[in-house]
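Peer 1: Let me give you the structure first, and then I'll get to my questions.
The values are calculated or read from the model by the stated rules, or taken from the named source; none is laboratory data. Given the structure is predicted, the values throughout are model-derived calculations rather than measurements. Using ideal geometry, Cβ is built from the backbone for each residue, glycine included, and neighbour counts are taken over all protein chains shown. Side chains are part of the model used for accessible areas, which takes the heavy atoms of the whole protein and leaves out ligands, DNA and RNA. Shrake-Rupley method; radii C 1.70, N 1.55, O 1.52, S 1.80 Å.
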Amino acid sequence: MPRLYILRHGQTEFNLQHRVQGHCDSPLTELGVEQAHAAGAWLADQGVRFERIFSSPLGRALATAEIVREELAAAGLPAPEVEPVDGLIERSYGPFESGPAADVPAELWDPGEALVPYGGEGSAALRERIVGAITGLMLSSRAQTVLAVSHGSATLQFKRAWEPLARCPQDVHLGNCCVLVYEFDPATRAFACEQIVNQRRDN
């Protein structure tokens, strides 16, 4: 069956400063670049042969995807061009964007619907969006092996949507450049998580 790899971007300046980072952006830190190289090296060590690489259009995700491509190419593995996809973007935090994470009036990664009155994106809408986007990519691409580079809160909602079908422990912190591996069943449009891999150091 087709296989999906979801990768969270590397550590950014805003991650380090504990600032809210949804639709706004900040560059990868030196550690973030190292994490992206480590994730790419892990994928290369697994011999993963990607047919398509998709990414959130935000700079931190695109930069991570390009570093992973470098590692794959250096290992002599296929390194398809990165294709930006709006549906993989992080949730919007509305007026809290770029401000202190402590100012968000709910849990940062899973605030439920608390951000909706402020113009942010609720967890139900985010889950529907990220599941719909990735399902659409798997079906339309007809690729057997796909990489999707996204973000912490968006990846968490995708993971929670499919936890009942998981084949590995799900109570795992999704650190920067973590990799989640799913088997996709096109007939049922369901995803079964097989593995979650964190890099050595994360935020």
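Peer 1: So, L28, is that one among the aliphatic types (A, V, I, L, M) and either open to solvent by less than 10 Å² (accessible area, probe 1.4 Å) or in contact (Cβ under 8 Å) with a residue 60 or more places away in the chain (or both) or not?
Peer 2: No.
Peer 1: For V20, which of the numbered conditions (1) among the β-branched types (V, I, T); (2) more than 23 Å from P95 (Cα to Cα); (3) open to solvent by less than 10 Å² (accessible area, probe 1.4 Å); (4) over 15 Å from the mean Cα position of the chain (by Cα) fails to hold?
Peer 2: The one condition V20 does not meet is (2).
Peer 1: Being open to solvent by 20 Å² or more (accessible area, probe 1.4 Å) and not in a helix (DSSP H, G or I) is the filter; apply it to region 80-96 and report the residue that is farthest from T64 (Cα to Cα).
Peer 2: In this case the residue turns out to be S92.
Peer 1: Another question, then. Within region 167-197, track down each residue that is open to solvent by 30 Å² or more (accessible area, probe 1.4 Å) and among the small types (G, A, S).
Peer 2: A187
Peer 1: While we're on this one: Starting from region 162-175, take each residue that is aromatic (F, W, Y) and list its partners that are modelled with pLDDT of 95 or more and outside any loop (DSSP other than H, G, I, E, B), counting only C-beta distances under 8 angstrom and pairs at least six apart or across chains.
Peer 2: W162/Y182; W162/A190; W162/F191; W162/A192; W162/C193
Peer 1: On to the next question. Can you tell me which residue among L88, L115, L72 is in contact with a Ser or Thr (Cβ under 9 Å, 6 or more places away or on another chain) and closer than 20 Å to G10 by Cα?
Peer 2: On the way: L115 fails: closer than 20 Å to G10 by Cα; L72 fails: in contact with a Ser or Thr (Cβ under 9 Å, 6 or more places away or on another chain).
Answer to the selection: L88.
Peer 1: Looking at (1) assigned to a helix (DSSP H, G or I); (2) in contact with a Phe, Trp or Tyr (Cβ under 7 Å, 6 or more places away or on another chain), find the lone condition where G22 falls short.
Peer 2: Of everything listed in (1) assigned to a helix (DSSP H, G or I); (2) in contact with a Phe, Trp or Tyr (Cβ under 7 Å, 6 or more places away or on another chain), G22 misses just condition (1).
Peer 1: Looking at region 35-59, which of the residues that are in contact (Cβ under 8 Å) with a residue 60 or more places away in the chain and part of a helix (DSSP H, G or I) is most open to solvent (accessible area, probe 1.4 Å)?
Peer 2: Restricting attention to region 35-59, the residues satisfying the condition of being in contact (Cβ under 8 Å) with a residue 60 or more places away in the chain are 35-36, 38-39, 42-43, 48-56, 58.
Of the ones still in play, those that are also part of a helix (DSSP H, G or I) are 35-36, 38-39, 42-43.
Numbers: Q35: 6, A36: 0, A38: 21, A39: 0, W42: 50, L43: 1 Å².
The selected residue is W42.
Peer 1: Taking region 97-110 as the search range and keeping residues that are assigned to a loop (DSSP other than H, G, I, E, B) and of a type outside the set (A, V, I, L, M, F, W, C), which one is most open to solvent (accessible area, probe 1.4 Å)?
Peer 2: Applying the filter and picking the extreme gives E107.
Peer 1: Within region 107-120, which residues are over 13 Å from L156 (Cβ atoms) and either of a type in the set (D, E) or in contact with a Leu (Cβ under 7 Å, 6 or more places away or on another chain) (or both)?
Peer 2: Residue satisfying the conditions is E113 alone.
Peer 1: Another one. How many residues are in contact with a strand residue (DSSP E or B) (Cβ under 6 Å, 6 or more places away or on another chain), open to solvent by 40 Å² or more (accessible area, probe 1.4 Å) and either closer than 30 Å to P111 by Cα or among the basic types (K, R) (or both) if we restrict to region 1-17?
Peer 2: 1
Peer 1: Which is modelled with pLDDT of 95 or more and either outside any loop (DSSP other than H, G, I, E, B) or crowded, with 20+ Cβ neighbours inside 10 Å (or both), of E128, E113?
Peer 2: Matching residue, one of E128, E113: E128.
Yes or no, residue by residue, for (1) without any contact (Cβ under 8 Å) to a residue 40 or more places away in the chain; (2) charged (D, E, K, R); (3) under 22 Å from C24 (Cα atoms):
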{"site": "L62", "(1), (2), (3)": "no, no, yes"}
{"site": "A65", "(1), (2), (3)": "no, no, yes"}
{"site": "P78", "(1), (2), (3)": "yes, no, no"}
{"site": "E83", "(1), (2), (3)": "yes, yes, yes"}
{"site": "S92", "(1), (2), (3)": "no, no, yes"}
{"site": "E97", "(1), (2), (3)": "no, yes, yes"}
{"site": "A102", "(1), (2), (3)": "no, no, yes"}
